[in-house]
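Taking it in order: structure first as structure tokens, then the write-up.
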Amino acid sequence: MAITAKSILKDKFWILEEGNERVGTLSKDEERYFYQKGPNTEVFDTEKQMKKYLGKITWTSKEVEDAKEEKELEIYGFPTSAPAATSLYDIKRKLPLFTKSKKSNSLYCAGHYIIKFEKGWVKSFSPKLMTLETYEFEGPFKTVIEMKEALKIANRTT
């Protein structure tokens, strides 16, 4: 199986994985490569030596990984605080709902909200459905800017 090198610091530091298992780290200074696996460190004077030792490497950039992560943290067009294990849309209340794990019974609401507690309106990101059932709220909003604008308006009227 090929090793995937995920860039953490551009052209300086990578986490190496084989499948979904971390197999070490690779770092580079001006002159050499350093492969660390557990307490052991291998030093290579050239890129060719390093590639010969490690075998086939697929290089990925942090930006690519961040973009993948960002896409996964959204349901029905609304951002979420965690990847959704399950998702559903409550048509009656117009709420995008999700669970954080397959076994969870806790439903969360994707998006940004403002919630009116006893002391006033507060902002909230991916709150539990139970919270929205208990308190007055506005949302969901797709962006922080939309949510902040609604918060300003709500604070002016109370």
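The residues of the range 34-61 that are farther than 18 Å from Lys6 by Cα and part of a strand (DSSP E or B), listed by number, are Asn40, Thr41, Glu42, Val43, Phe44. Across the range 35-64, which residue is farthest from Trp14 (Cα to Cα) among those that are among the hydroxyl-bearing types (Ser, Thr, Tyr) and out of contact with any Asp or Glu (no Cβ under 9 Å at 6 or more places or on another chain)? By that ranking, first place goes to Thr46.
Of all the listed residues (Glu138, Glu133, Glu146), the sole one being under 18 Å from Leu73 (Cβ atoms), assigned by TED's automatic domain parsing to the domain that holds Ile91 and either touching a strand residue (DSSP E or B) at 6+ places or on another chain (Cβ under 7 Å) or part of a helix (DSSP H, G or I) (or both) is Glu146.
Select, from Phe141, Phe137, Phe125, the only residue that is of a type in the set (Phe, Trp, Tyr) and farther than 14 Å from Thr80 by Cα. Write out each step before concluding.
Numbers: Phe141 fails: farther than 14 Å from Thr80 by Cα; Phe125 fails: farther than 14 Å from Thr80 by Cα.
Only one candidate qualifies: Phe137.
Table: residues versus (1) closer than 18 Å to Lys148 by Cβ; (2) touching a residue at least 12 places away in the same chain (Cβ under 8 Å); (3) touching a Leu at 6+ places or on another chain (Cβ under 6 Å); (4) part of a loop (DSSP other than H, G, I, E, B).
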| site | (1), (2), (3), (4) |
| --- | --- |
| Leu88 | no, no, yes, no |
| Lys92 | no, no, no, yes |
| Phe98 | no, yes, no, no |
| Lys103 | no, no, no, yes |
| Ile114 | yes, yes, yes, no |
| Ser124 | yes, yes, no, no |
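Taken together, the residues in the range 101-130 that are at pLDDT below 95, farther than 16 Å from Ile75 by Cα and under 18 Å from the mean Cα position of the chain (by Cα) amount to 0. Just one of the listed residues (Gly120, Gly139) is free of Cβ contacts under 8 Å to residues at least 40 places away in the same chain, in contact with a Ser or Thr (Cβ under 7 Å, 6 or more places away or on another chain) and at positive phi, and it is Gly120.
The values are calculated or read from the model by the stated rules, or taken from the named source; none is laboratory data. Owing to the predicted nature of the structure, the values given are computational and were not obtained by experimental measurement. Don't worry about glycine lacking a Cβ; one is built from the backbone with ideal geometry, like all the others, and counts go over all protein chains shown.
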